[in-house]
Amino acid sequence: DEVLPGFQSPSHSKRLGIAAVLQETLVAPARSVVDNIYLGSHRSFHSGRTEEGRRAARDELGKLTGEELDLDMPVELLPISRQQIVTIARALVQNPRILILDEATSALDVADRDRVFAACRDLCQDGVAILVITHRLEELLVSADSIVVMRGGATVVSGHKGGGSAPLC
């Protein structure tokens with residue numbers, strides 16, 4: 001894998017405030033929900049064991065699901081859509097400056113997707129840059145300020161989105 005100039009490793013990117021959530025649901029199935037939220041974090045893995053860490057995990061999950069999840073439940077007992085929410089919460093507890101969602105909402109239903117985009121709007125208002133990569137046109141219509149369409153690595157069209165829906169910022 002080639003590393004971009006200025007980025008020594010994925011952990012270096014995290015320290016710079018970049019968080020990414022991929023389409024693949026990357027969890028440690030037998031570990032708890034809270035352990036999965038702090039898995040790979042630049043914070044101590046034991047953050048999920050502190051009251052502050054658990055509260056941050058609970059708050060992010062609540063915003064993303066609209067309900068309270070059992071933080072101690074093995075993540076493998078959750079449906080795949082909730083496992084993906086856990087990976088999104090993992091990115092959000094890092095307080096990123098740049099959030100990349102690469103097809104991250106593909107496993108979510110519309111209500112969960114809308115809550116994710118509502119959380120993104122809040123982040124954007126706080127100055128977080130958000131890059132949404134998707135092949136779903138309806139997601140662009142509810143989330144994008146500007147749109148770049150690419151094919152084969154080349155830009156086909158780009159522009160600022162107009163219209164009546166509420167973009168991220």
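The values are calculated or read from the model by the stated rules, or taken from the named source; none is laboratory data. Computed from a predicted structure; not experimentally measured. All Cβ positions, glycine included, derive from the backbone under ideal geometry; neighbour counts span all protein chains shown. Ligands, DNA and RNA are excluded from the accessible area calculation, which covers all protein heavy atoms including side chains. Shrake-Rupley method; radii C 1.70, N 1.55, O 1.52, S 1.80 Å.
So the values come out like this:
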read-out	value
Cβ-based charge dipole, the chain, positive-most Cα from VAL21, LEU137, VAL157	VAL157
Relative contact order (%) - criterion: Cα under 8 Å, at least six apart; region: the range 58-126	38
Most fluctuating residue given options ARG121, ARG49, ARG113, as computed from a GNM of the chain linking Cα atoms under 10 Å	ARG49
³J(HN,Hα), Karplus 6.51/-1.76/1.60, whole Hz, each residue of the range 83-95, x for Gly, Pro	4, 5, 4, 4, 5, 5, 4, 4, 5, 6, 5, 7, 6
Cα-based helix-to-principal-axis angle, 110-125 vs the chain, degrees rounded to 10	80
Volume per residue of the C-alpha convex hull in the range 73-135, rounded to whole Å³	85
Probe 1.4 Å, accessible area per residue of the chain, Å²	55
Carbon/sulfur fraction of accessible area - the chain, other protein chains in place, 1.4 Å, %	54
The chain - percent relative contact order, Cα under 8 Å, separation 6 or more	23
